[in-house]
């Protein structure tokens with residue numbers, strides 16, 4: 001009989017690529033991970049790993065076991081959810097990854113609702129970039145992710161993750177209050193602040209500027225949208241900002257509508273195997289309610 005815990009380690013190796021990364025993920029030493037995988041090879045009776053430089057490579061037989069391990073872990077997750085459904089109270093832990101503006105606008109109300117309605121549910125929140133968080137939710141580092149998708153920039157799809165839209169928000173050009181800028185075209189000579197390369201918002205902003213016929217002068221880069229807001233409000237930059245970031249606060253900057261009124265999609269994703277969990281279901285519900293209160297923002 002193959003050991004489920006060792007199968008899970010093999011799956012982790014297929015996802016993370018190195019024994020060191022697996023060891024860090026599961027809080028074991030690399031030698032302990034190596035020993036467990038060596039034992040799995042003995043149980044399977046076939047070669048599972050081959051040296052590939054300083055790394056190891058999974059054999060075709062290992063890939064078969066990885067696929068089976070995913071199925072086994074899904075079955076166990078469904079079994080856990082079924083036990084929770086049978087319980088008289090809603091309890092358990094939900095690990096959620098959230099990007100910054102959603103953490104500011106949605107999470108306070110959602111966490112308050114969960115604390116008041118389901119005090120036995122523990123919510124563990126981590127701020128994370130959406131694309132990586134989607135991958136990490138698929139990899140089982142998180143139970144749920146609140147993610148975003150910009151126009152013409154589709155968020156990654158991972159097998160077994162189910163999506164549900166929460167809300168959308170407008171994306172507008174934020175400029176200093178005394179700026180003469182009245183359109184995106186007027187901003188061609190301005191100093192810009194954007195997120196670092198690779199972020200969906202950076203791709204969107206650069207493409208919009210190029211479609212308007214100019215290359216933006218990106219003088220400032222930060223993933224912190226609150227820092228971007230301060231740079232705009234202090235008169236040092238302009239930025240394309242989603243409206244959710246202004247939730248619960250005013251701003252001295254002026255917001256300029258874009259020609260086609262683009263909107264960002266905000267959605268949750270979770271593994272289908274755990275969707276029946278009452279704690280997950282209730283947390284998804286309070287997130288939808290929090291998002292519903294922001295409609296029209």
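Read-outs throughout are calculated quantities, based only on the coordinates presented, and are distinct from any laboratory measurement. What you see is a predicted model; the values in this text were computed from it and never measured. So basically every Cβ, Gly included, is an ideal-geometry build from the backbone, and we count neighbours across all protein chains shown.
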Open item on the list: If you restrict to DSSP beta bridges whose two residues both lie in the range 27-185, what percentage is antiparallel, to the nearest 5?
Closed with: 35 percent
TODO: Between the alpha-carbon centers of the range 222-242 and the range 137-173, tell me the distance in whole angstrom.
DONE: 23 Å
Open item on the list: Over all directions, the average projected area of the alpha-carbon convex hull for the range 101-238 comes to how many nm²?
Closed with: 10.0 nm²
Open item on the list: Below 8 Å, C-alpha to C-alpha, sequence gap of six or more: please give me the relative contact order for the chain in percent.
Closed with: 23 percent
Open item on the list: If I fit a long axis through the Cα atoms of helix 107-117 and take the longest principal axis of the Cα atoms of the chain, what angle between them do I get, 0 to 90°, rounded to 10?
Closed with: 50 degrees
TODO: Relative to the longest principal axis of the C-alpha atoms of the chain, give the angle of the C-alpha long axis of helix 30-44, reported between 0 and 90° and rounded to the nearest 10°.
DONE: 50 degrees
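Give me the tail of P(r) for the range 56-122 as a percent: Cα-Cα pairs with distance above 17 Å.
Roughly 63 percent, once rounded to a whole number.
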Open item on the list: Using only the alpha-carbon atoms, how far is helix 278-292 inclined from the longest principal axis of the chain? Give it as 0 to 90 degrees, nearest 10.
Closed with: 10 degrees
Task: Rel. contact order, % - alpha carbon contacts under 8 angstrom, at least six apart, the range 4-83 - done: 33 percent
Task: Isotropically averaged projected area of the range 214-297, using the convex hull of Cα atoms (one quarter of hull area), nm² - done: 8.2 nm²
- [ ] Determine, for 197, 150, 220, the number of other Cβ atoms within 10 Å of each Cβ, and report the residues in order from fewest to most.
- [x] 197, 220, 150
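Share of antiparallel DSSP beta bridges in the chain, in percent to the nearest 5?
Within the chain, antiparallel bridges account for around 65 percent of the total.
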TODO: Please give the calculated 222 nm ellipticity per residue for the chain, where each DSSP H segment of at least 4 residues contributes -39500 (n - 2.57) and the sum is spread over every residue; nearest 500 deg cm²/dmol?
DONE: -13000 deg cm²/dmol
Open item on the list: Quick check on the exposure proxy: order 267, 204, 142 from fewest to most C-beta atoms within 10 angstrom.
Closed with: 267, 204, 142
Task: Taking the convex hull of Cα positions in the range 1-158, its mean projected area over all directions (nm²) - done: 12.1 nm²
Open item on the list: Taking 4 °C and 1.567 mPa s as the conditions, I'd like the Stokes-Einstein D for the range 4-83 in µm²/s, using the Kirkwood hydrodynamic radius from alpha carbon pairs.
Closed with: 100 µm²/s
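Given that compact globular proteins tend to follow 2.2 N^0.38 Å, what is the ratio of the alpha-carbon Rg of the chain to that value?
It is 1.19.
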